[in-house]
Amino acid sequence: MGCRVEPAVNTSLGRELLRLVLPALLMQVVQTVGWLGEAVFVSRLGKVELAAIGLVGEITWLLSTLTTIVTVSATTLVAQRWGAGDLAGARGFMRAAVQQAILFGLLASAAWFLRDLIWQGMGAEISIRRVAEFYLLIALASFPLMNLAASWGAAFRGIGDMRTPFFVSAIATSCHLLANATLTPIWGLKGAASALAFSRIVAVAVFALFIRKSPLNAATDKLVAFESGYHRQLLRLGIPAGAQNFFWAFGSVVFFSLLNRARDGTEAVAAFTAGIRVESLAFMVAMAFGMATQTIVGQSVGAGNWKRGWQGTWLSTFWCIVVILPVCAVLFFASDWLASYLSTDPTTHRYTAYYLRVAALAEPFWAISMTTGAALQGAGDTRTPALIAILTQWLFCIPLTYLLCVLKGHSPIVAWWLVGASGFLTGAVTATAFMLFWRKRSNA
């Protein structure tokens, strides 16, 4: 098997969870600040420029399917090899992940040549397309860099190092905001695009420095070496996760279009946009615990310690809900106050407040789906959480929203309850699937 490492599966689960969750949560906060900060600087240029980065964001979100294929599988397989004490195997999967990240990044960049079809499909106005053209070019041209950084971050998470991705994210985001503050007022949206490219270059450069000092450093010595076995395993786990990301992102676009066609369409879209940004405070917590769960389970499964994986999943789920509940309480009881800061229009205000209350009730179930889904991914089952997420969105939430809000003309509030019910279903079904999977595998 080559080089071996001492598995980190004998440490206290509580201490390990805390060590993983804190930097993961801070990274989510940092990335959110960078996302909002760019929007603030661009908003000073005008509504057309702000709409332009929003449209480009939708395109890159769909293309991030190619990133997810690499990151989910890389974290799981590196974690399993690390838990088994197989350093050579961990390095091999990281090397293959880097190769796939670069290849998929180049495929995403090729979307530039289909930009006219993409703009038409999104119904983008000519004025916005002209402004967004350069920003889209830079975003797509630098996509391989973003993918490369993401693959390295996934590998670091696999060996249980959440601090390095956090440090890299903090440095890159700081550079992004500083470059935006300097260049956007001078060059307009071209300045914002330049700031984006600069931050991605910085992320890759800083990651490269950290890699050289990590146990994974030898994985960068033979990047041209192609080992098909590693690639097959990465793709086997990564493709379902990528499909989940794609259908979720595309479903979001469809849901927005349905809201736009429903009663009070403009106000509903504005309320949903505002609501999900506030709800992201709770979502960040769930994502951090999900990342930690995937690492703990992956390393435990690699070490053959299924009991630890089971205990780690439920410990993570418990503390995720404990941390999320105060956030949900604020969303529920302060919904009107929060909505007042997001809109001055009475109808939008009412819809936003109602969405926040429904989201507060549903968020604990979304949290359960994210921790137990991440546990399944860490154990090597990416198909089940992908299938559950796709089916609850495309066979439940979207068709019922179309039927009740578009065809029947009911209030958008009905759509809010459908989103909440989708969260409940996803959480309940994913948790059940996790328990059945674990019972089968642990008794095998």
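Numbers for the structure displayed
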quantity	calculated
Verdict on V285 being more than 25 Å from A84 (Cβ to Cβ) and either in contact with a helix residue (DSSP H, G or I) (Cβ under 6 Å, 6 or more places away or on another chain) or assigned by TED's automatic domain parsing to the domain that holds A154 (or both)	yes
Those residues of the stretch 299-354 which are closer than 25 Å to G373 by Cα and in contact with a Gly (Cβ under 6 Å, 6 or more places away or on another chain), in sequence order	Q299, S300, V301, G302, A303
Output for the stretch 76-91, where each listed residue is among the small types (G, A, S) and surrounded by fewer than 24 Cβ atoms within 10 Å (Cβ to Cβ)	A84, G85, A88, G89
Residue among F226, F247 that alone is within 30 Å of V29 (Cα to Cα) and of a type in the set (A, V, I, L, M, F, W, C)	F247
Answer residue from the stretch 117-141, given it is charged (D, E, K, R) and in a helix (DSSP H, G or I) and is surrounded by the most Cβ atoms within 10 Å (Cβ to Cβ) among those	R129
From the options A108, A101, A96, A79, residue that is in the same structural domain as V206 (by TED's automatic domain parsing), touching a residue at least 60 places away in the same chain (Cβ under 8 Å), farther than 20 Å from S300 by Cβ and of a type in the set (A, V, I, L, M, F, W, C)	A96
Any hit, the stretch 371-386, residues being closer than 20 Å to F272 by Cα and in contact with a Ser or Thr (Cβ under 9 Å, 6 or more places away or on another chain)	no
Within the stretch 142-177, tally of residues that are touching an Asp or Glu at 6+ places or on another chain (Cβ under 8 Å) and part of a helix (DSSP H, G or I)	2
L148 surrounded by fewer than 24 Cβ atoms within 10 Å (Cβ to Cβ), assigned by TED's automatic domain parsing to the domain that holds W61, at pLDDT 95 or above and over 23 Å from A88 (Cβ atoms)	no
Residue list for the stretch 223-255, filter: basic (K, R) and either more than 22 Å from A90 (Cβ to Cβ) or in contact (Cβ under 8 Å) with a residue 24 or more places away in the chain (or both)	R236
Residue check for F289: more than 15 Å from V406 (Cβ to Cβ), in contact (Cβ under 8 Å) with a residue 60 or more places away in the chain and out of contact with any Gly (no Cβ under 6 Å at 6 or more places or on another chain)	yes
Residue tally, condition without any contact (Cβ under 8 Å) to a residue 60 or more places away in the chain and of a type in the set (D, E, K, R), over the stretch 351-388	2
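Condition check ((1) within 13 Å of the chain's Cα centre (by Cα); (2) free of Cβ contacts under 8 Å to residues at least 60 places away in the same chain; (3) assigned by TED's automatic domain parsing to the domain that holds Q120) across all residues:
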| position | (1), (2), (3) |
| --- | --- |
| P23 | no, no, yes |
| A39 | no, yes, yes |
| G46 | no, yes, yes |
| E49 | no, no, yes |
| I53 | no, no, yes |
| I59 | no, no, yes |
| L62 | yes, no, yes |
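The values are calculated or read from the model by the stated rules, or taken from the named source; none is laboratory data. Only a predicted model underlies this, so the values are computations on that prediction, with no experimental measurement involved. Ideal geometry is used to build each Cβ from the backbone, glycine not excepted, and the neighbour counts take in all protein chains shown.
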